[in-house]
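Peer 1: Could you have a look at this structure, given as structure tokens, before my questions?
Taken together, the values in this text are just the output of simple stated rules run on the coordinates, not laboratory data. Owing to the predicted nature of the structure, the values given are computational and were not obtained by experimental measurement. Here the Cβ positions follow ideal geometry from the backbone for every residue, glycine too, while neighbour counts run over all protein chains shown.
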Amino acid sequence: MLDLLAQPESRGNYNAWFGKVDQSEIDLTRMTVSEVRALQSRLLESGNGGSAIGRYQIIPSTFDRLIDRMGLTGEELFSRQLQDRMALRLANHAGMSSWMRGGISDHDFAHNLSRIWAGLPKDASNESFYQKDGVNKAHIDYGVVIATLGEIRGRSGS
């Protein structure tokens, strides 16, 4: 699941930020959550065009909600493990547990995920849920998303 979410967002790079998917100059995983949030603010102030950050391209408002919901102090490292936990929290918010139990379809779950991650297509149109903003677009084929979700659920025995 985490690889599916990360591929269209950052190509799996835990140090990525908006417009710098291959960035490795700054190791975000060695920065605290508070330092990363400050960097996001600087990116916006510098006219970077966006401030989504990390392997899962978390935007500031979502980052702030995660900090609150996960009870983070800001002193935690924005480590690979924390980024993965944040992504799983968001995927659960999109209905992952229900989907794993068969409560929602692959298509509905894919649509829910696309509302969180702009790099995922919302449906077979292969357009991002946020396509109309002129900045975001899907970076993976919807058929690949559905096939991958089917494989994940199949491996889990659901």
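Peer 1: How much net charge surrounds residue 86 when only the other residues with a Cβ under 13 Å from the Cβ of residue 86 are counted, with Lys and Arg +1 and Asp and Glu -1?
Peer 2: Here the charged neighbours net out to +2.
Peer 1: Okay, moving on. Can you check what the net charge comes to around residue 61, using other residues whose Cβ is under 14 Å from the Cβ of residue 61 (Lys, Arg +1; Asp, Glu -1)?
Peer 2: +2
Peer 1: Given the range 94-158, what whole percent of its Cα pairs are spread farther than 16 Å?
Peer 2: Percentage above 16 Å: 41.
Peer 1: May I pose another question? How big is the gap, in Å, between the Cα center of the range 1-80 and the Cα center of the range 84-107?
Peer 2: Using only Cα atoms to place each centre, the spacing works out to 21 Å.
Peer 1: To make sure I understand the rule: partners must be lysines, Cα under 20 Å from the Cα of residue 122, and not fewer than 8 residues away in the same chain. Which ones qualify?
Peer 2: Answer for residue 122, where 20 Å is the Cα cut-off: 132, 137, listed by chain and number.
Peer 1: Using the Cα centre as the reference, give the magnitude of the dipole from point charges on the C-beta atoms of the chain (Lys, Arg: +1; Asp, Glu: -1; all else neutral), rounded to the nearest 20 debye.
Peer 2: Here the size comes out at about 240 debye.
Peer 1: For residue 58, which sequence-distant residues (separation of 5 or more, or a different chain) have an amide H within less than 5 Å of its own amide H, given hydrogens modelled in the peptide plane?
Peer 2: For residue 58, whose amide H was placed from the backbone, the distant partners under 5 Å are 53.
Peer 1: Continuing with this model, one more query. Taking the Cα centre as origin and putting +1 on Lys and Arg beta-carbons and -1 on Asp and Glu beta-carbons, what dipole magnitude results for the range 94-158, to the nearest 20 debye?
Peer 2: My answer is approximately 160 debye.
Peer 1: Taking trypsin sites (Lys or Arg not before Pro) as exposed when DSSP calls them loop (any state but H, G, I, E, B) and at most 15 other Cβ atoms lie within 10 Å, what is the longest stretch of the chain free of them, the sites themselves excluded? Could you put the intermediate results ahead of the total?
Peer 2: Numbers: sites that count: 11, 101, 115, 137.
Between the exposed loop sites, the longest stretch runs 12-100.
Peer 1: I've got another one for you. Counting helices only, and only those DSSP H runs with n ≥ 4, report the 222 nm mean residue ellipticity of the chain as the sum of -39,500 (n - 2.57) divided by its residues, in deg cm²/dmol to the nearest 500.
Peer 2: -14500 deg cm²/dmol
Peer 1: Could you give the dipole magnitude of the range 10-78 about its Cα centre, charging the beta-carbon of Lys and Arg +1 and that of Asp and Glu -1, in debye to the nearest 20?
Peer 2: 220 debye
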